[in-house]
Amino acid sequence: MVAINSAKLEITPPTPRWVQVLTKILLVLIILFLLPELVRAGPKKRKNRSLEKLYNARIMRCETGHCGDYILEESMNCVTECVSKKCHHEASFDVNPLEDGEIDEGRAIVFAQCVKHEIMREKYNARAALKK
């Protein structure tokens, strides 16, 4: 290492080998202690895949059936109304309909949550009817 000190050129001796080895060992130990915290998996999110499949099946059924005459990008108003009139109203697609090709993420999320909640309610009611 070279250090400039008041117009004199001083050469400082290199750090001893044991200091370099000790520094490397300390770095490895720090990484080993921190690694489990960085890698630790959080609780698994339980995805309800069957609910997602039922939701997608309803969407597909309406896209290909009742609203099959429309271009896919222009059929969202028809599809949302076909899937669920209640959720279509709740997501305010009836008050402020989408323009052809328009995508409104916020209303789409509200609509999807509503439909999935409706599907869950239907499944619960079907199970309750079987128990009686």
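So which GluC sites (Glu not before Pro) in region 87-116 are both in a DSSP loop and have at most 14 other Cβ atoms within 10 Å of their Cβ? Please list the in-between numbers first.
Working: sites: Glu90, Glu99, Glu102, Glu105; in loops: Glu99, Glu102.
Sparse-neighbourhood loop GluC sites (Glu not before Pro): Glu99, Glu102.
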Calculate one ³J(HN,Hα) per residue across region 87-99 by plugging θ = phi - 60° into the Karplus curve 6.51 cos²θ - 1.76 cosθ + 1.60, and present them in order as whole Hz with x for glycine and proline.
-> 6, 4, 6, 4, 8, 6, 6, 7, 6, 10, x, 5, 6
In square nanometres, what is the average projected area of the Cα convex hull of region 61-132?
-> 5.2
Could you give the accessible area per residue of region 71-132, probe 1.4 Å, as a whole number in Å²?
-> 69
Taking H placed 1.01 Å from N in the peptide plane, check which residues at least 5 places from Leu98 or on another chain put their amide H under 5 Å from its amide H.
-> none
Estimated vicinal HN-Hα couplings, Hz - region 67-74 in sequence order (Karplus 6.51, -1.76, 1.60; Gly, Pro = x) | 9, x, 6, 8, 5, 3, 5, 9
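The values are calculated or read from the model by the stated rules, or taken from the named source; none is laboratory data. None of the values given here were measured: they were computed from a predicted structure. Note that we place each Cβ from the backbone using ideal geometry, even for glycine, and neighbour counts take in every protein chain shown. For accessibility, only protein heavy atoms count, side chains too; no ligands or nucleic acids. Shrake-Rupley method; radii C 1.70, N 1.55, O 1.52, S 1.80 Å.
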